[in-house]
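Below you'll find the structure, written out as structure tokens, and then a few comments.
The values are calculated or read from the model by the stated rules, or taken from the named source; none is laboratory data. Just so we're clear, the structure is a prediction, and the values are computed from it rather than from any experiment. Neighbour counts are summed over all protein chains in view; Cβ atoms, including those assigned to glycine, are modelled from backbone coordinates with ideal geometry. These area figures cover heavy atoms from the full protein model, side chains too; ligands, DNA and RNA do not enter into them. Shrake-Rupley method; radii C 1.70, N 1.55, O 1.52, S 1.80 Å.
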Amino acid sequence: MRVYVPLTLSGLAEAYKTGELEAGPFVAYAVTPALREWYLSDDIEELEYAALSRAALASLRLLAVDPGAVRRRVVVAVDVPDRAAVADPDRGLDPVALGEVRVSQAVPLTKAAAVHVDSDDAEADVTAAAAALGAADIGDDDAQFVVDGAEDHELLWFARQEIPNLIGLGE
């Protein structure tokens, strides 16, 4: 199963240093039955994009609580055994938990299929979105508009081998 793990650039640097994304259990995003029902599509690429978008929002939440982090959303796509990623059936239709799965085991970074990261030009919008997230969560339409501004930026695709360049260790 392909899962999308939300991180920050500092979290990606830590994963690179340790060789593991997370020790487990941890939250990731995937194409779950609830996400399929919500998205109303049979196209697996569209569904995976929806799961990636949910992970990007979770990455934004990580940025909102870490003011020192570089203001770029980071999502690592990784394949895990189906039995290792389980959706909580009690939260299946909760809009906040759409696509959410709990991964029960450590995931080596070598299993990463790709890394998705905001470009430099997204930083201003991501910074504003991270600051507005709390107000958006309680229904402030203006704040939600700011959060949506970050979502207008497509995450760029990088191969796992490019991680050193992303975290500043490349040449």
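Results, tabulated for the structure shown:
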| quantity | calculated |
| --- | --- |
| Among residues of region 134-162, those that are farther than 21 Å from Y49 by Cα and in contact (Cβ under 8 Å) with a residue 60 or more places away in the chain, counted | 1 |
| Residue check, L52 in contact with a His (Cβ under 7 Å, 6 or more places away or on another chain) and either open to solvent by less than 20 Å² (accessible area, probe 1.4 Å) or closer than 28 Å to A143 by Cβ (or both) | yes |
| Matching residues in region 51-75 - criterion: being of a type outside the set (D, E, K, R) and within 9 Å of the chain's Cα centre (by Cα) | A51, L52, S53, A55, A56, L57, A58, S59, L60, V74, V75 |
| Residue within region 25-33 that is of a type in the set (S, T, N, Q), touching a residue at least 60 places away in the same chain (Cβ under 8 Å) and open to solvent by 30 Å² or more (accessible area, probe 1.4 Å) present | no |
| Scope region 68-91; condition open to solvent by 20 Å² or more (accessible area, probe 1.4 Å) and not in a helix (DSSP H, G or I); matching residues | G68, V70, R71, R72, D79, P81, V86, A87, D88 |
| Strands (runs of 3 or more DSSP E) wholly inside region 95-158 containing at least 1 residues that are open to solvent by 60 Å² or more (accessible area, probe 1.4 Å) and not β-branched (V, I, T) | 100-103, 156-158 |
| Test: residue in region 50-67 that is under 23 Å from A159 (Cα atoms), touching a residue at least 12 places away in the same chain (Cβ under 8 Å) and either acidic (D, E) or not in a helix (DSSP H, G or I) (or both) | no |
